[in-house]
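The values are calculated or read from the model by the stated rules, or taken from the named source; none is laboratory data. Note that the structure is a prediction, hence the values are computed from the model and not measured. Note: ideal-geometry Cβ built from the backbone for every residue, glycine included; neighbour counts use all protein chains shown. SASA here: full protein model, heavy atoms, side chains in, ligands and nucleic acids out. Shrake-Rupley method; radii C 1.70, N 1.55, O 1.52, S 1.80 Å.
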Amino acid sequence: DVAKNLGVIFDEKLTLKPNVSTIIRACNFKLVSLRRIGNKLSIKQKTQLVHTLIHSRLDYCNGLLTALNKEDIARLQKVQNSAVRFIYNRRGRRGVNKLRKKLHFLPIEARIKFKICVMAHKCVYGTAPQYLSDLVKRRPPKPRTPRQNEDSTLLDLDYSTKLQSTKAAFKVVAPRHWNSLPRELREVDSEDCFKSRLKTHLFDEAYTDVPSKTKKRNKGACITPLHSKVLAH
């Protein structure tokens, strides 16, 4: 038995497998249509179409996808990989990670973490709705030695549940992802600046094993709000 709410399909065990299958079918249908006109488009035009038609579908309510297992994450990753091969008109599976890095695409798992961390940032700095902010709490101060500096940006971890299905709840997963970020990133109060630096941080994490000829960006620099929205893709 399944139920649909705001376009997301929930099954009785909250595995979200039916929702994942629906996303994959919709994206593959669009990719088949795009390939028919792919030879008439530039790489820039193909990239814009992938953002509009594929990433918009993969990213929709993807904060709920923290409950997915590795197998379902891999299924969604194959869709993004197919979109990358469409952009560069490639057929083989080799080298897709380098091509994805060249396009500055965050992989699926990092995109989910990006969404959760942005929502956590809004909760910490008071721009989230009250019902969402009430789900997370700052970690209470602890006795410290003279050498220690209290980190007021950390969130209190929730250990109240042992069920696998509820471990993906926002109040559980948001503090875990948020606390895993570097302190200097958690202390950025500007949302646009935070998104830009978070994208850079997750990008570096995702592609540590992929060689690159491009120069590293300055992690301390912030970019314009418009550019930040583009980077979120």
Taking each pair of distinct Cα atoms in the chain once, what is the resulting Kirkwood hydrodynamic radius in Å? 19.4
Given the Cα-Cα distance of Ser56 and Leu132 and 0.36 nm per residue of separation, how much length would full extension add, in nm? 25.1 nm
For the range 3-83, what relative contact order do you get, as a whole percent, if you take Cα pairs closer than 8 Å and at least 6 residues apart? 38
Label-to-label distance, nm, for residues given as Asp209 and Arg93 (7 Å Cα→Cβ offset): 1.5
Please work out the average accessible area per residue across the range 29-114, using the 1.4 Å probe convention, and give it in Å². 56
Which helices pass in the chain if a helix is a full DSSP H run, must span at least 15 angstrom along its long axis by Cα, and must have mean Kyte-Doolittle hydropathy not below -1.0? 17-35, 70-88, 108-124, 191-206
One quarter of the convex hull surface, Cα atoms only: what value does that give for the range 1-59 in nm²? 4.4
Relative contact order in percent for the chain (Cα pairs under 8 Å, 6+ apart) equals 18
Which shape class applies to the range 88-134: rounded if a/c is under 1.5, otherwise prolate when a/b exceeds b/c and oblate if not, where a ≥ b ≥ c are the square roots of the Cα gyration tensor eigenvalues? prolate
What is the Cα centroid distance between the range 1-37 and the range 66-141, reported in whole angstrom? 17
Percent of Cα-Cα distances greater than 20 Å, calculated over the range 1-126: 48
Given labels modelled 7 Å from the Cα in the Cβ direction, how far is it in nm from Leu154 to Ser180? 1.7
Hey, any idea what % of the chain's accessible area is carbon plus sulfur with a 1.4 Å probe? 54
At 1.4 Å probe size, put Glu109, Glu150 in order of accessible surface, largest to smallest. Glu109, Glu150
